[in-house]
Amino acid sequence: MLVIAHRGASGHCPENTLAAFKKALEMGAKAIELDVHQTLDHELVVCHDNDLRRTGKDRRALKNLHLEEAKTVDVGTWFDKKFAAERLPLLSEVYDLLPAHVELHLEIKKGSSLYPGIEERVVDLLHKRGVRERTLVSSFDHEALYSVRSLDAGVRLGYLLGLTRLPVAFKEMGELKAESLNMSIRQVTTRAVKAAKDRGQKVYVYTVNHPADRDKLAKLGVDGIFCNYPELDLWR
Ligand code: G3P
Ligand code: MG
């Protein structure tokens with residue numbers, strides 16, 4: 001079972017920072033997950049929310065900030081003051097860190113309805129960096145997945161279930177040629193996992209931080225878990 005470092009090693013470091021990604025790599029993570037947004041000047045940046053409130057008192061939305069302004073924000077102190085130097089990472093800065101054997105689960109938080117052209121920019125980056133084969137693009141925003149698919153028939157896609165009903169999800173996953181069904185641990189059922197596997201799709205589950213849950217999901221045939229503690233790969 002693949003253990004995917006969720007927002008980096010976010011149990012040890014501030015989530016979605018270069019410190020969290022470096023820590024995950026040090027811990028031997030074979031796959032990393034992160035969340036992508038777009039700034040006012042169309043730069044792809046890594047952060048969980050549409051705004052910066054999770055990292056402190058700054059409530060400004062990323063879509064209204066130029067990269068230069070966004071880069072002045074301390075995104076580490078909220079977790080521990082030793083991370084005060086952490087700044088919002090560019091997606092390309094994360095790829096700079098990643099060795100070729102590490103897979104990136106790139107979650108687009110919102111497509112063009114909020115961030116005009118974000119899908120094109122993601123696909124373009126995958127091509128320019130030569131990382132298409134080791135990246136899996138996922139989203140709760142299924143329109144964004146359709147846009148990515150229309151731009152490139154070969155991009156690997158993960159379908160984040162969210163509130164979509166399973167029959168609709170399977171129909172859309174078929175249309176999208178999605179590689180995986182990604183769902184919350186609260187949504188997992190034997191039937192859902194079997195239905196995905198019968199269709200040749202993988203199942204990835206978030207957020208799983210306990211060995212007992214990992215083992216239960218592995219028994220069900222789940223292919224991977226998003227986990228804040230990459231060391232869960234080793235605790236047996
Ligand atoms: O991609 C899996 C998981 O990250 C989805 O939820 O809120 O942690 O981005 P969230
Ligand atoms: Mg995510």
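Using the Cα coordinates of segment 135-198, the gyration tensor eigenvalues translate into equivalent-ellipsoid semi-axes of 20, 11, 10 Å, sorted from longest to shortest. Across segment 172-236, Cα-Cα pairs farther apart than 15 Å form 47% of the total.
Under a model in which nothing but the beta-carbon of Lys, Arg (+1) and Asp, Glu (-1) is charged, the chain shows a dipole of about 740 debye around its Cα centre. Comparing Cα centroids, segment 22-71 and segment 84-130 end up 10 angstrom apart. By the rule of a C-alpha distance below 30 Å, with chain neighbours fewer than 8 residues away ignored, the lysines paired with LYS57 are LYS22, LYS23, LYS71, LYS81, LYS82, LYS109, LYS110. Normalised by residue count, the chain yields a Cα convex hull volume of 118 Å³ per residue.
The DSSP beta bridges internal to the chain are antiparallel in roughly 15% of cases.
For segment 63-203, taking Cα atoms only, Rg and Dmax work out to 17.0, 48 Å respectively. The relative contact order of segment 87-206, computed from alpha carbon pairs under 8 Å that lie at least 6 residues apart in sequence, is 19 percent. For the chain, which whole-number percentage of the solvent-accessible area (1.4 Å probe, protein heavy atoms only) is attributable to carbon and sulfur atoms? Answer for the chain: carbon and sulfur cover 52 percent of the accessible area. Shape annotation for segment 1-126: C-alpha extents along the principal axes are 36, 35, 22 Å, from largest to smallest.
Kindly work out what percent of the DSSP beta bridges joining two residues of segment 1-112 are antiparallel, to the nearest 5. Of all bridge pairs located within segment 1-112, approximately 35 percent are antiparallel. Taking 18 Å as the straight-line reach from the Cα of LYS171, the lysines in range (excluding those fewer than 8 positions away in the same chain) are LYS194, LYS197, LYS202. Taking a label point 7 Å from the Cα of GLU68 along the Cα→Cβ vector, which residues of segment 106-120 have an amide N closer than 13 Å to it? Residues passing the 13 Å test: none.
Calculated from DSSP H runs of 4 or more alone, at -39500 (n - 2.57) each and per residue, what is the 222 nm mean residue ellipticity of the chain, nearest 500? Mean residue ellipticity, 222 nm, calculated: -8500 deg cm²/dmol. Across all directions, the average flat footprint of the convex hull enclosing the Cα atoms of segment 96-159 is 4.1 nm².
Mean sequence separation of contacting Cα pairs (under 8 Å, at least six apart), scaled by the length of the chain, corresponds to a relative contact order of 20 percent.
The values are calculated or read from the model by the stated rules, or taken from the named source; none is laboratory data. Quantities reported herein were computed from a predicted structural model and do not represent experimental measurements. A quick note on method: Cβ atoms are made from the backbone with ideal geometry, for glycine too, and the neighbour counts reach across all protein chains shown. Heads up: the accessible areas ignore ligands, DNA and RNA and are worked out on the full protein's heavy atoms, side chains in. Shrake-Rupley method; radii C 1.70, N 1.55, O 1.52, S 1.80 Å.
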